[in-house]
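The values are calculated or read from the model by the stated rules, or taken from the named source; none is laboratory data. Given the structure is predicted, the values throughout are model-derived calculations rather than measurements. Every residue, glycine among them, receives a Cβ derived from its backbone with ideal geometry; neighbour counts consider all protein chains shown.
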Amino acid sequence: MRNSSFYFKQFVILQDKCAMKVGTDGILLGAWANISDNSQILDIGTGTGLLALMMAQRSPLSNIDTVEIEEEAYGQAKENIEKSPWCDRINIFHAPIQDFANNCSKQYDLIISNPPFFEKASKSSQKSRNLARHSDSLSQTDILQIALLLLKPTGHLAVIYPTDLADNFLTKAKNFHLFCDRKTYVRPTPKTDIKRILLELSSTLSSIQGQTQETILVVEERKHIYTQDYINLAKDFYLNLPIVEYSLPRE
């Protein structure tokens, strides 16, 4: 089956049962998010398990909890995690994240999510695809409420959104006393508009005072010719970085 698996340097993602496949959004977020050893990490809406596995590779002493609502995606993520070198450090839960959060006694150093973001677009006949693409089951407010409940006082929330939704998210976040520490604007090429924004939020003093670190990341100089910035960011994961196409899979 075409695109049934995706091979990284240290793990493999099986994805034939998942509505949303491995895409650049997830890889960007997983490589960009700020982590440290001995951290407790929560991955919301894990899909294939990609972000959880990237976190485990990047942070050898971390413990990761990951939650997935859709049954087939949960089963496939569980399989990917169990076959990885880090299965002893990743716990996967099959539940709505809201239920998980309400019953969770832990707090996290990092909460990470590549969230569904379609709000008013037409829906597919596939329930699994709708859960992966549309924000009905995981709205921006849901993510912020969960962050407020489960983040440690020094913890961070990392997400990726299209440009207009990123602005909305930052506006809503202020109501939850979460402010932007880091922001990276993503351009597919030097001549294209910004398509995504990577965001890291916290309630720390620097973020409250508006000391946001802003950068721009250009992915390709031209088709299949990647910028050094993107290579530096993703080189620990891709097997063959020069032949991987840049894609924004949910548009």
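Candidates in the stretch 74-91 are the residues that are touching a helix residue (DSSP H, G or I) at 6+ places or on another chain (Cβ under 7 Å) and of a type in the set (A, V, I, L, M); of these, the one that is nearest to SER36 (Cα to Cα) is ILE90.
Among THR215, THR189, which is the only one that is of a type in the set (S, T, N, Q) and under 20 Å from the mean Cα position of the chain (by Cα)?
Working: THR189 fails: under 20 Å from the mean Cα position of the chain (by Cα).
After ruling out the rest, the residue left standing is THR215.
Of all residues in the stretch 177-186, those satisfying the criterion of being under 16 Å from the mean Cα position of the chain (by Cα) and not hydroxyl-bearing (Ser, Thr, Tyr) are ARG182, LYS183, VAL186.
When you look at LEU138, is it crowded, with 21+ Cβ neighbours inside 10 Å, in a loop (DSSP other than H, G, I, E, B) and either of a type in the set (Val, Ile, Thr) or modelled with pLDDT of 90 or more (or both), yes or no? Yes. Of the helices (runs of 4 or more DSSP H) lying entirely inside the stretch 1-87, those containing at least 2 residues that are at pLDDT 95 or above and within 26 Å of TYR185 (Cα to Cα) are 24-32, 50-58.
The C-beta contact set for the stretch 74-88 (first residue farther than 12 Å from ASP16 by Cα, second residue surrounded by 22 or more Cβ atoms within 10 Å (Cβ to Cβ) and charged (D, E, K, R), distance under 9 angstrom, 6+ apart or interchain) comprises TYR74/GLU68; LYS78/GLU68.
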